[in-house]
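The structure appears right after this line, and notes come after that.
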Amino acid sequence: MDWSSQRKVIYGIAFGTIVIAICVYVFRDTLFPAPTCFDKKQNGFEAGLDCGGTCSMRCSNEVVPISTAWARALKISTDKYDFVGMASNKNIDNAPRSVTYTFTAYDSRGVVLTVASGTTIVPVDGEFPIIAQNINLSKEPKELILDITDGPHYIVNDLPTSPSVRILNSRYEAGNIPHVYATVINTKRVAISNLVVRTVLFDADDNAYGAGETVIPFLDKEGSQNISFTWDNSFEITPTKIRVYPIFDPFPTLR
């Protein structure tokens, strides 16, 4: 090959290299996408596949699954029951955006009487009751089981230094239509919408025998509101302990 042909080859290679370099630069984001928490790859600063590190979703080995402590069927009339169970989120900085729960009631022979399912939000770092109300049953259940289907846990960025919602002045009023009264205080400097509040009544043996739920449509920033729970029939005993649980949503902007 003479010098003229060699020079053409060299120029051609150089030009091709420049064109390739320009194309790589222009399409670099397409050819070499930056790591994200949604690319189904473990890359960047992730601790696992699209989880941990700088990702909002926590890896399964970084969280404690939502657990249940007990479940009870509370008779409220001849053929109606309230199902209540106590769940717990032991994680101090993460929670699932919601969980699915299932109550299964069994008779004395282990036959399923009914199944009641639903979803609920999960507060951070603490126990919370799950309640399914006005369940029709032809006979009294022997056993009630609460199962929770846990979902992915996400980091809660806006962790309060004190409880977001406080409960004061809880009291019980007996009668043909018993009541529980309480005052709910919003300690945050932002308003809260659709705040779920649940209550459970306990006897001297720490067994639940009454449960209720209400929703506060709007609670102004640093505001307070009086709430009440009522039951259609009187209770035979006065509660030894009244617990009122504000179910504060750790991901309110996602609803």
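FYI, it's all coordinate maths here, none of it is from the lab. Here the structure is a predicted model, which means the values were calculated and not measured. Don't worry about glycine lacking a Cβ; one is built from the backbone with ideal geometry, like all the others, and counts go over all protein chains shown.
Using a ≥ b ≥ c from the Cα gyration tensor of region 63-254 (square roots of the eigenvalues), is it rounded, prolate or oblate, where a/c under 1.5 gives rounded and otherwise the larger of a/b and b/c decides, a/b for prolate? Oblate. The convex hull drawn around the Cα atoms of region 147-208, when projected onto a plane and averaged over every direction, covers 7.6 nm². Computed from the Cα positions only, the extents of region 52-177 along the three principal axes stand at 53, 39, 18 Å, in decreasing order. For R198, the shell of other residues with beta-carbons less than 10 Å away shows a net charge of 0, using +1 for Lys and Arg and -1 for Asp and Glu. Estimate the FRET efficiency between E236 and N136 by the formula 1/(1 + (r/R0)^6), using the beta-carbon distance for r and 22 Å for R0, to the nearest 0.05. Efficiency computed from Cβ-Cβ geometry: 0.45. Using equal-weight Cα scatterers in the Debye expression, the normalised intensity of region 30-98 in log10 at q = 0.12, 0.21, 0.24 Å⁻¹ is -0.52, -0.90, -1.02. Which net charge results when you count Lys and Arg as +1 and Asp and Glu as -1 among the other residues whose beta-carbon is under 12 Å from that of A47? With Lys, Arg at +1 and Asp, Glu at -1, the neighbours total -2.
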